[in-house]
Amino acid sequence: MSSAELEAERDELQSQINQIQGRVDDTYRLDQEKIDLRKSKVRLENDLNRLRDEKRALLETKDKLQVGLDNEIERAAAKENRLSAEIDQLQDRLFILSEKRDHELIAAKSKAERLELRTQELEALLDNQASIRAEASTSPDFSILRRSLEDARRQERDALERESTLKASIRDLKTRIVELERENHELKAKALSTSSPKVSPSTPLKVQEELRSLRSQLLDMHRAMKDIKTQNHELQHASVNEEERRDLHDLLKSSTLEAESLAVRLSERDTRVHELRTHLRRVRDERALSIKKADAARHELESLQARYEALLEELTQHSERKGRHAKEIKGLGKEIMWLKARLVREEKFRQDLAWSKGLMELGERVRIACNETDLKMIAEMGVKPNSPRKKFDARLKLKAVACMALAVCRMQLMSAEWKKLKKLGEGLRKAKGEVLKKRESMRRKALTD
């Protein structure tokens with residue numbers, strides 16, 4: 001072997017070695033990429049598992065928070081229901097007390113009128129006896145009596161002022177209680193209408209604490225009024241010793257109590273009127289809302305009723321249309337059969353007519369040929385036939401023309417009718433073919449479905 005061949009073989013081997021080395025490098029690179037991809041896959045799977053665990057933990061936390069929120073909402077609703085029941089009971093008791101006080105007020109008014117008449121009679125009697133009582137022992141007693149009576153009236157006036165102040169504060173507290181009840185009702189409506197976990201249960205607790213404090217203040221006020229009434233009663237009893245002073249004191253006390261009860265009655269009535277107006281306003285709002293909801297429900301019901309009636313009518317029309325279509329198909333089939341029979345009869349009639357016409361033409365041609373043959377035979381025999389005398393008959397000619405015209409008209413009418421029937425027969429064949437195609441397509445569609 002020459003050196004050139006050796007060098008060529010060496011170059012070829014070197015190129016093969018280079019190719020093998022390149023393939024090895026590519027294989028190593030692919031293996032490295034596979035390893036990297038496998039590592040990335042493992043890392044992503046770990047991240048995915050971690051995210052799934054976090055998601056599961058968050059869902060569990062969410063479920064726990066939701067359960068806790070539902071429990072808190074149920075407890076708050078139970079507390080609100082209990083407070084509402086308590087408020088309703090208090091309102092019922094207040095209404096019963098107001099009814100009793102109305103009856104007492106009527107009785108007190110009648111008694112006040114009687115006592116007023118008695119007071120006028122006693123004052124007239126005192127005025128008449130003032131000139132008669134001139135003894136020294138009687139005059140100081142009467143002045144002492146009047147002084148003690150004025151002191152008692154002054155103390156009673158102070159007590160009434162304090163009592164009116166306490167009543168005003170009680171009215172304010174009752175108004176505040178009504179406002180807090182309305183706020184409690186609104187908070188209850190908001191708590192029932194929302195399910196957000198951000199709702200804080202601190203507001204009903206504040207309202208309950210404020211209600212509790214106001215009730216305690218109201219009890220303190222009632223206790224203070226009771227103490228003041230007790231002191232007033234003791235002062236009145238201490239200031240009266242004799243029978244006449246007892247009568248005057250009873251009269252004054254009854255008048256004061258009646259005035260007090262009247263004032264309390266008026267204040268309670270005003271409070272009750274305010275509460276009733278608030279309740280009436282709330283009831284009107286709820287009634288308006290209920291009317292709106294009822295109207296919306298009625299409109300929705302009407303729309304649903306209209307849709308139901310439309311669907312029912314469409315279903316009825318579809319069934320009627322289906323029945324009518326079946327009847328039309330049945331009638332069309334019968335008409336096709338009748339027209340087919342008529343067409344066969346007309347074709348047979350045409351064939352018979354053509355055969356009769358051909359037979360008549362053949363007979364005429366035979367007759368003409370026979371006449372010509374007879375004439376030839378007579379001519380060959382040397383006999384000359386007499387020329388027939390032509391007779392002209394106008395009636396026969398007119399009759400022949402009329403018969404020909406009638407025959408032509410009849411043939412034209414029959415030809416036009418035959419064209420119409422032929423066209424109708426072709427249309428019926430096409431319609432029958434379309435109906436059969438539709439039936440076949442529907443059958444195939446049903447089989448495929």
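Some points to look at:
- Out of Ala112, Ala76, sole residue that is at pLDDT below 75, hydrophobic (A, V, I, L, M, F, W, C) and more than 30 Å from Glu186 (Cα to Cα): Ala112
- Flag if Arg342 is over 54 Å from the mean Cα position of the chain (by Cα), at pLDDT 75 or above and not assigned by TED's automatic domain parsing to the domain that holds Gly433: no
- Annotation: Lys41 fulfils all but one of (1) of a type outside the set (Phe, Trp, Tyr); (2) modelled with pLDDT of 75 or more; (3) closer than 30 Å to Val264 by Cβ; the unmet one is (3).
- Filtered residues of segment 422-447 (kept if within 20 Å of Lys330 (Cβ to Cβ) and hydrophobic (A, V, I, L, M, F, W, C)): Leu424, Leu428, Ala431, Val435, Leu436, Met442
- Within segment 302-331, no residue that is farther than 24 Å from Gly433 by Cα and modelled with pLDDT under 70 sits with its Cβ atom under 6 Å from a residue that is among the acidic types (Asp, Glu) and assigned to a helix (DSSP H, G or I) at 6+ positions apart or across chains.
- Unique match (being among the charged types (D, E, K, R), surrounded by 10 or more Cβ atoms within 10 Å (Cβ to Cβ), over 20 Å from Ala354 (Cβ atoms) and over 60 Å from the mean Cα position of the chain (by Cα)) among Lys399, Lys419: Lys399
The values are calculated or read from the model by the stated rules, or taken from the named source; none is laboratory data. The model shown is predicted, which means the values in this text are computed figures rather than measured ones. Heads up, the Cβs are rebuilt from the backbone with ideal geometry, glycines too, and the neighbour counts pull from every protein chain shown.
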